[in-house]
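Please read the structure below before turning to the comments.
The values are calculated or read from the model by the stated rules, or taken from the named source; none is laboratory data. No experiment lies behind these values; they were computed from the predicted model shown. Cβ: placed from backbone, ideal geometry, glycine included. Neighbour counts: every protein chain shown. These area figures cover heavy atoms from the full protein model, side chains too; ligands, DNA and RNA do not enter into them. Shrake-Rupley method; radii C 1.70, N 1.55, O 1.52, S 1.80 Å.
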Amino acid sequence: MARKTMTRKTLAQKTRRQSVKAARKGKAARVKGRTAQQKAGAKAVDAELPQWTSAEIAEAFRRFEAANPTPRGELAHINPFTLLVAVVLSAQATDAGVNKATPALFELADTPEKMAKLGEARVRDLIKTIGLFRTKAKNVVALSQKLVEAHGGQVPHDRAALEALPGVGRKTANVVLNIAFGEPTIAVDTHIFRVGNRTGLAVGKTPLDVEMKLLEAVPERYRLHAHHWLILHGRYVCVARRPLCEKCVIADLCKWPGKTVAQMPATASR
């Protein structure tokens, strides 16, 4: 019996090693043009891609970590409050666009008390280069007032309390919980939603579906930085119109039939 147990254990270890080895040596498929890529995209959206193995997922995040050990969000902020405001302003806008508008805003108002006192009209004037600036100015002042009245001027370390603030949804709450408080949350924006569905890493019809699948699939040791790695990957490599597969460190692991490279970059397997 002991011999059989050892044999099973040895076989299981061997299988795991082989899975990791296969994950590191896989080859990506070459695809034949724009039409094939469009069909591949539809296939991804319809959740028809093969499921990643645990070894492949772990290997993908090992590579992300090797390439960028301490990823950071790109929204400029001073403290948890200015982070919250910046994330609210970033809805349907670029981080770069928000970063151009917020220095003047945060110089005048870097606390909820100052922001509430600044008033909606002044905030609106300071952020008018950002899309939906009228609604966002109203929300920023309203959430500032609520922070003062209900939370003593502090950003709450609580999802429900955050989501109860004007202009704050689940994604915004996840970003604040992750960056300000070090919670291993995953904020699914358009980039992560695309990467999850396109690669097959986490396929879902809604951002919440993708978030839940990522939380289940991403190894715990990588979860704190997972959403930063995936956002940056979607923003600069796995872009919407023409993904840069030739620069992708997980090209061989990706299940998307629309890949445009024959194999992964040599540095990815290190």
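Quick rundown of the values:
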{"quantity": "Over the stretch 166-243, equivalent-ellipsoid semi-axes from the Cα gyration tensor in Å", "calculated": "19, 14, 12"}
{"quantity": "Mean Cβ count within 10 Å, highest first, over the residues of peptides 51-60, 235-244, 195-204", "calculated": "195-204, 51-60, 235-244"}
{"quantity": "Per residue value of the accessible surface for the stretch 87-219 (all protein chains in place, 1.4 Å probe), Å²", "calculated": "46 Å²"}
{"quantity": "Simple spin-label estimate for Asp158 and Thr206 in nanometres, 7 Å along Cα-Cβ", "calculated": "2.5 nm"}
